[in-house]
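Visitor: I'd like to ask you about the structure that follows.
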Amino acid sequence: MADSKVSPTPLLKDELDIVIPTIRNLDFLEMWRPFFQPYHLIIVQDGDPSKVIKVPEGFDYELYNRNDINRILGPKASCISFKDSACRCFGYMVSKKKYIYTIDDDCFVAKDPSGKNINALEQHIKNLLTPSTPNFFNTLYDPYREGADFVRGYPFSLREGVATAVSHGLWLNIPDYDAPTQLVKPLERNTRYVDAVLTIPKSTLFPMCGMNLAFDRELIGPAMYFGLMGDGQPIGRYDDMWAGWCMKVICDHLGFGVKTGLPYIWHSKASNPFVNLKKEYKGIYWQEELIPFFQAVKLPKECTTVQECYIELSKQVKAKLAGVDEYFDKLADAMVTWIEAWDELNPSDSKAADLPNGASK
């Protein structure tokens with residue numbers, strides 16, 4: 001049964017890092033100060049490493065530019081994208097915390113319908129610390145929330161749920177549209193605040209957006225690779241999509257859950273749809289073959305860790321997607337490099353015992 005007593009959400013300030021990819025000064029942090037200041041920030045500077053990024057005073061942070069990435073990873077730095085926000089995943093790799101929250105620098109604090117500022121981080125933590133229900137849909141959405149429960153007909157054997165690996169938040173104002181939709185609806189803004197959190201059902205894929213996203217790094221971290229995008233690559237703006245598809249099939253295999261819905265942030269500016277189209281056009285075409293591939297992926301039961309699942313997935317990418325474009329041959333190799341680099345920086349992770357379904361440390 002869901003607990004009717006609701007205790008305050010723990011801050012987890014010593015267990016969570018905030019990862020921010022950027023090419024500019026981080027003035028946006030001023031608005032987030034009441035919510036972010038207790039936490040450690042990992043800033044991944046993209047683009048020109050000689051540019052000085054200014055961070056408002058009073059924040060505890062470490063900043064990595066391309067020179068740092070090359071120094072830390074050596075030849076394996078080839079798996080980290082350049083001139084693309086996909087570089088954020090380097091922050092996931094160097095973090096030593098259990099949880100990660102990642103946000104874009106054009107995302108501001110949103111207000112709920114009553115006009116109160118939304119503490120997005122607190123809601124993500126609530127989502128991650130309560131179970132998910134991927135195996136049976138609850139029509140009152142999140143049964144662990146105050147004022148809700150499991151409805152009549154929900155099997156008691158499934159009410160404990162499973163550990164939540166990912167919390168995917170949404171956006172008010174500028175929606176996360178692809179370039180063709182942006183071009184057709186240039187003035188469309190999202191004003192709908194839907195007060196709900198849903199578990200994405202098992203065997204269902206979704207488009208994961210990286211601009212307001214939290215996850216349990218210990219449960220699923222090695223699967224959160226944002227691929228090869230940007231400079232020197234034939235595609236961009238599919239970094240978070242790729243990570244989401246890989247992550248979801250691995251969560252389904254290992255028995256972890258993924259939630260979407262609250263919290264909202266305010267997405268302040270629309271990117272140029274013509275620039276986006278240039279980055280996306282191959283992805284828009286390729287995804288019609290990528291989605292059936294991921295829907296058909298079967299991971300062998302011998303794969304019991306995220307790393308083992310990810311290496312197996314890379315083999316299937318190489319075998320089945322290299323025919324779509326040679327890029328996927330290169331991406332499959334980068335997936336392996338990513339895991340090797342992750343294990344070098346996080347040696348205890350690769351030796352971690354198997355986690356039973358629903359286990360949470």
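The values are calculated or read from the model by the stated rules, or taken from the named source; none is laboratory data. Just so it is clear, the model here is predicted, and its values are computed rather than measured. All Cβ positions, glycine included, derive from the backbone under ideal geometry; neighbour counts span all protein chains shown. Quick note on the areas: whole protein, heavy atoms, side chains included, nothing else; ligands and nucleic acids left out. Shrake-Rupley method; radii C 1.70, N 1.55, O 1.52, S 1.80 Å.
Visitor: Got a number for residues in the stretch 131-148 being over 22 Å from Thr204 (Cα atoms) and within 27 Å of the chain's Cα centre (by Cα)? Break it down stepwise before answering.
Guide: Residues of the stretch 131-148 over 22 Å from Thr204 (Cα atoms): 145-148.
With within 27 Å of the chain's Cα centre (by Cα) added as a condition, the list becomes 145-146, 148.
Result for the stretch 131-148: 3.
Visitor: Please state which one of Glu308, Glu344 is within 21 Å of the chain's Cα centre (by Cα), among the acidic types (Asp, Glu) and either within 28 Å of Gly74 (Cβ to Cβ) or modelled with pLDDT of 95 or more (or both). Steps first, please.
Guide: Values: Glu344 fails: within 21 Å of the chain's Cα centre (by Cα).
Only one candidate passes the filter, namely Glu308.
Visitor: Among the residues of the stretch 156-199, count how many are acidic (Asp, Glu) and open to solvent by less than 70 Å² (accessible area, probe 1.4 Å).
Guide: Step one: filter the stretch 156-199 for residues acidic (Asp, Glu), giving 160, 176, 178, 188, 195.
Narrowing the set further to residues that are open to solvent by less than 70 Å² (accessible area, probe 1.4 Å) leaves 176, 178, 188.
So the answer is 3.
Visitor: Identify, from the list Ile23, Ile72, Ile18, Ile42, the residue that is in contact with a Leu (Cβ under 7 Å, 6 or more places away or on another chain) and either open to solvent by 60 Å² or more (accessible area, probe 1.4 Å) or at pLDDT 95 or above (or both).
Guide: From the options Ile23, Ile72, Ile18, Ile42, the qualifying one is Ile18.
Visitor: Of all residues being assigned to a helix (DSSP H, G or I) and touching a helix residue (DSSP H, G or I) at 6+ places or on another chain (Cβ under 8 Å) in the stretch 283-305, which is most open to solvent (accessible area, probe 1.4 Å)? Just the residue, please. Explain how you work it out, then say what you get.
Guide: Initially, the stretch 283-305 is screened for residues assigned to a helix (DSSP H, G or I), giving 283-296.
Checking the rest, the ones that are also touching a helix residue (DSSP H, G or I) at 6+ places or on another chain (Cβ under 8 Å) come to 283-284, 287, 289-291, 293-294.
Working: Gly283: 1, Ile284: 49, Gln287: 46, Glu289: 93, Leu290: 8, Ile291: 45, Phe293: 20, Phe294: 4 Å².
The extreme case among them is Glu289.
Visitor: Please count how many residues of the stretch 316-340 are in contact (Cβ under 8 Å) with a residue 12 or more places away in the chain, open to solvent by less than 40 Å² (accessible area, probe 1.4 Å) and assigned to a helix (DSSP H, G or I).
Guide: Residues flagged as in contact (Cβ under 8 Å) with a residue 12 or more places away in the chain, open to solvent by less than 40 Å² (accessible area, probe 1.4 Å) and assigned to a helix (DSSP H, G or I) within the stretch 316-340 amount to 11.
Visitor: Here is a follow-up. State all residues of the stretch 234-275 that are among the polar types (S, T, N, Q) and in contact with an Asp or Glu (Cβ under 9 Å, 6 or more places away or on another chain); if no residue qualifies, say none. If you could, list the steps in order and put the result at the bottom.
Guide: Of all residues in the stretch 234-275, those among the polar types (S, T, N, Q) come to 260, 268, 271-272.
The answer is Ser268, Ser271.
Here's the yes/no breakdown for (1) polar (S, T, N, Q); (2) without any contact (Cβ under 8 Å) to a residue 24 or more places away in the chain; (3) in contact with a strand residue (DSSP E or B) (Cβ under 8 Å, 6 or more places away or on another chain); (4) surrounded by fewer than 22 Cβ atoms within 10 Å (Cβ to Cβ):
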{"position": "Asp27", "(1), (2), (3), (4)": "no, no, no, yes"}
{"position": "Glu30", "(1), (2), (3), (4)": "no, no, no, yes"}
{"position": "Phe59", "(1), (2), (3), (4)": "no, no, yes, yes"}
{"position": "Asp68", "(1), (2), (3), (4)": "no, yes, no, yes"}
{"position": "Lys76", "(1), (2), (3), (4)": "no, no, no, yes"}
{"position": "Cys89", "(1), (2), (3), (4)": "no, no, no, no"}
{"position": "Tyr99", "(1), (2), (3), (4)": "no, no, yes, no"}
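Visitor: Only residues that are part of a loop (DSSP other than H, G, I, E, B) and farther than 15 Å from Leu345 by Cα: list them for the stretch 225-241, please.
Guide: Within the stretch 225-241, the first condition is being part of a loop (DSSP other than H, G, I, E, B), and the residues that meet it are 225-229, 231-238.
Listed by number, the residues that qualify are Phe226, Gly227, Leu228, Met229, Asp231, Gly232, Gln233, Pro234, Ile235, Gly236, Arg237, Tyr238.
Visitor: Give the residues of the stretch 131-143 that are open to solvent by less than 40 Å² (accessible area, probe 1.4 Å), part of a loop (DSSP other than H, G, I, E, B) and within 25 Å of Ile100 (Cβ to Cβ), sorted by residue number.
Guide: From the stretch 131-143, those open to solvent by less than 40 Å² (accessible area, probe 1.4 Å) are 131-134, 138, 142-143; that's our starting set.
Now narrow it down to the ones that are part of a loop (DSSP other than H, G, I, E, B): 131, 133-134, 138, 142-143.
Hits for the stretch 131-143 are Pro131, Thr133, Pro134, Asp142.
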